[in-house]
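J.: What follows is a single structure, and I will ask about it in a moment.
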Amino acid sequence: MRPDGILLLKIHHPRFYLGEIARGLKGDGLAPVIHGIRVLIAGTAYHICGRQPRFKPLHESYQTEWMLRRELPRHGLTIERPQKRTNAGTPAFVIRKI
């Protein structure tokens with residue numbers, strides 16, 4: 001990405017996976033419940049330890065604005081602002097190369 005370039009980024013927040021678990025419990029089956037729980041475990045480990053789990057069942061993680069603000073500067077990026085069309089489960093951001 002060039003300096004001053006922008007990236008439009010949409011993430012899955014823990015609320016997204018809590019909704020997935022709730023949908024599974026309401027009748028969508030066991031798979032969404034298991035998937036949601038695995039992602040919440042992996043994401044929590046990532047937020048606490050600062051490293052994503054490497055083993056297969058926990059390879060997917062949720063993301064938060066807090067973690068983005070921590071990780072992006074390491075790569076010369078910053079959150080410029082939230083996008084206008086966003087929601088609590090899948091927030092979206094304008095990311096700028098600094």
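J.: Using the Cα centre of the chain as the reference point, and only Cβ charges (+1 on K/R, -1 on D/E), how large is the resulting charge dipole? Debye, rounded to the nearest 20. Can you show the working numbers first?
T.: Details: 17 positive and 7 negative charges, 41 e Å.
Result for the chain is approximately 200 debye, rounded to the nearest 20.
J.: Chymotrypsin sites (Phe, Trp or Tyr not before Pro), restricted to the chain: which are DSSP loop and have at most 15 other Cβ atoms within 10 Å? Numbers along the way, then the final one.
T.: Values: sites: PHE16, TYR17, TYR46, PHE55, TYR62, TRP66, PHE93; in loops: PHE55, TYR62.
Sparse-neighbourhood loop chymotrypsin sites (Phe, Trp or Tyr not before Pro): PHE55.
J.: Once both labels are modelled 7 Å past Cα along the beta-carbon direction, what's the LEU25-LYS56 spacing in nm?
T.: Each label point lies 7 Å from its Cα, and together they span 2.9 nm.
J.: What angle do you read, to the nearest 10 degrees and between 0 and 90, between the alpha-carbon axis of helix 30-49 and the longest principal axis of the chain?
T.: It is inclined by approximately 40 degrees.
J.: According to the Kirkwood expression over distinct Cα-Cα pairs, how big is the hydrodynamic radius of the range 6-97, in Å?
T.: Values: mean 1/r = 0.0713 Å⁻¹.
By the Kirkwood definition, the hydrodynamic radius is 14.0 Å.
J.: Counting other Cβ atoms within 10 Å, keep those with at most 10, restrict to DSSP loop, and tell me which trypsin sites (Lys or Arg not before Pro) in the range 44-98 are left.
T.: ARG51, ARG54, LYS84, ARG85
The numbers here are math on the coordinates, done by the rules we state, and not lab data. From a predicted model like this one, the values you see are computed outputs, not experimental measurements. Note: ideal-geometry Cβ built from the backbone for every residue, glycine included; neighbour counts use all protein chains shown.
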